[in-house]
Amino acid sequence: MPELPPCRSCGASELHLFLSLGDVPLADNLLRPEALQELEPRFPLDVAFCPRCCLVQILEEVPPQQLFVDNYLYFSSFSDHLLDHSRRHAERLVEDRGLGPDSLVVELASNDGYLLRNFRNRGVRVLGVDPAPAQAQAANDAGIPTVAEFFGTDLAKRLRDEHGPADVVIANNVMAHVPELNDFVGGIAALVADDALVTVENPYVRDLIIHGEFDTIYHEHFSYYSCTSVDTLVRRHGLYLNDVEYFPDLHGGTLRWHMGRTPDVSDTVSAYLARERETGLTGFGYYRDFALTVERIRTDLLDLLGGLRSQGASIAAYGAAAKGSTLINYVGIGPELVDFVVDRNTYKQGKFMPGMHIPIVDPQVLLDRQPDYCLLLAWNFTDEILRQQEEYVRRGGRFIRPVPVPEILG
Ligand code: DWN
């Protein structure tokens, strides 16, 4: 039983462990051919619940430098669905808040500028922050001013001195990625103008549990949020959770939290908080049996793939995603079951999946080699990928979706 650290949000020493996915390699640490013989670092992946502030979190703290700087190949622009989602958000904010050249929009974890360019194209002043060097460089090359550093209270104060207070701060898929949670949220509070809007997006822990999305658990994701854990966290820094939106088709079910310096709590937020209490999401019981669900998915998926293999079928996979690494390493899916993984991200092609060392190639190979089945590791983009791969399906290819229940589609 691992030594349980204090809660990364409220500091209480009451964490309850409910899931152990073993010692696994870093999910985004894709390997170059020459690295295949080298020893691959592995870290325990254990998940716990804090009964005091309701934050679900992993126990292990891999240094962010190792996670997001040394070998981070995730580029947001390789998903049209995500680009559309981001453009719509930007357009609405420009409209609703009357943003213009005198406004300042800051995005934390701005990646390759996929979101900020929508504001820049409408004449709004923007600033990105992202420690990932290749992504920050790509953004700066595209004319999106980006600071390649980790965000926290010190950087926030410096940026405020240099650029003035922010009118809008956007933090998508980053508040889950920071071990120093209070320094991060404190930084947001230090950066924003009094009447500013802060919007934060992250997958909803409820969907992770009810849809068996255990593969979205990996070392980059330190925290898994509910409205209750977010509300408790941001109030500690003088911010208020004022509104919430739900996107069921983004990353397996995502919430967008709207926050501000002044309390103006919507009925929607009150309803979410009440429902979380009523459904037990604020108590350990909600998480206690999740490990059984995960175990069942593993057994069923191995049986499905093993059965197809034994009938002589060929199987590939789609999406060299971080969640794909958790899935194949926890379930035990290696090159004996899956011949190759395809991915549009050219930075990932020619490399190998962590741990299981399955080769990553261009999606064109799916048509060139026409495997009988294709395991959807990037299941969160099922609709987009099925549209894109109509020809593969027309020629008889079949996709397999691993969660919530392993099934052959179509
Ligand atoms: O938190 C994170 C989430 C939001 O995104 C990041 N830490 C990393 C990333 O997680 P992931 O790697 O599990 O995410 P994706 O976005 O589900 O990865 C999908 C992969 O599939 C990417 O490598 C891009 C690729 N892809 C593709 O080849 N063709 C994606 C689409 C939509 C496609 O059509």
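Numbers at a glance
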quantity: Separation between Cα centres of the stretch 331-371 and the stretch 166-197, rounded to whole Å; calculated: 36
quantity: Surface share of carbon and sulfur [accessible, 1.4 angstrom probe, percent] for the chain; calculated: 50
quantity: Debye-sum result for the stretch 1-149 in log10 I(q)/I(0), which assumes one identical scatterer on each alpha carbon, at q = 0.16, 0.18, 0.21 Å⁻¹; calculated: -0.99, -1.05, -1.14
quantity: Local net charge near G350, Cβ-Cβ under 10 Å (Lys/Arg +1, Asp/Glu -1); calculated: +2
quantity: Net charge contributed by nearby residues that have their C-beta within less than 14 Å of E149 (K/R +1, D/E -1); calculated: -4
quantity: Overall Cα dimensions of the stretch 268-320, principal axis frame, Å, largest first; calculated: 54, 23, 16
quantity: With eigenvalues of the C-alpha gyration tensor scaled by 5 and rooted, the stretch 30-70, Å; calculated: 31, 12, 7
quantity: Estimated translational D of the stretch 73-112 in µm²/s (Stokes, Kirkwood radius over Cα pairs; 20 °C; 1.002 mPa s); calculated: 185
quantity: Average accessible area per residue (Å²) across the chain - probe 1.4 Å, nucleic acids and ligands excluded; calculated: 39
quantity: Long-range amide H partners of Y318 with built H, under 5 Å; calculated: V342, L375, L376, L377, A378
quantity: Antiparallel %, DSSP beta bridges [both residues in the chain], to 5; calculated: 50
quantity: In Å, descending, principal axis extents of the Cα set of the stretch 267-410; calculated: 52, 32, 30
quantity: Semi-axis lengths, Å, the stretch 60-127, gyration tensor of Cα atoms, sqrt of 5 times eigenvalues; calculated: 27, 14, 10
quantity: Potential extension, Q364-A193 segment - 0.36 nm per residue separation minus Cα distance; calculated: 56.7 nm
quantity: Residue-span extension gain [R122 to E3] - 0.36 nm each, minus C-alpha spacing; calculated: 37.7 nm
quantity: Pair A274, R97: separation of 7 Å Cα→Cβ label points (nm); calculated: 2.9
quantity: Along principal axes, Cα extents of the stretch 195-269, largest first, whole Å; calculated: 37, 23, 18
quantity: Distant alpha-carbon pairs in the chain (separation over 38 angstrom), percent; calculated: 20
quantity: At R0 = 45 Å, FRET efficiency that the Cβ-Cβ distance of H163 and S310 yields, to 0.05; calculated: 0.15
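The values are calculated or read from the model by the stated rules, or taken from the named source; none is laboratory data. Being a predicted model, the structure only gives us computed values, none of them experimental. Don't worry about glycine lacking a Cβ; one is built from the backbone with ideal geometry, like all the others, and counts go over all protein chains shown. Side chains included, ligands, DNA and RNA excluded: accessible areas come from the protein's heavy atoms. Shrake-Rupley method; radii C 1.70, N 1.55, O 1.52, S 1.80 Å.
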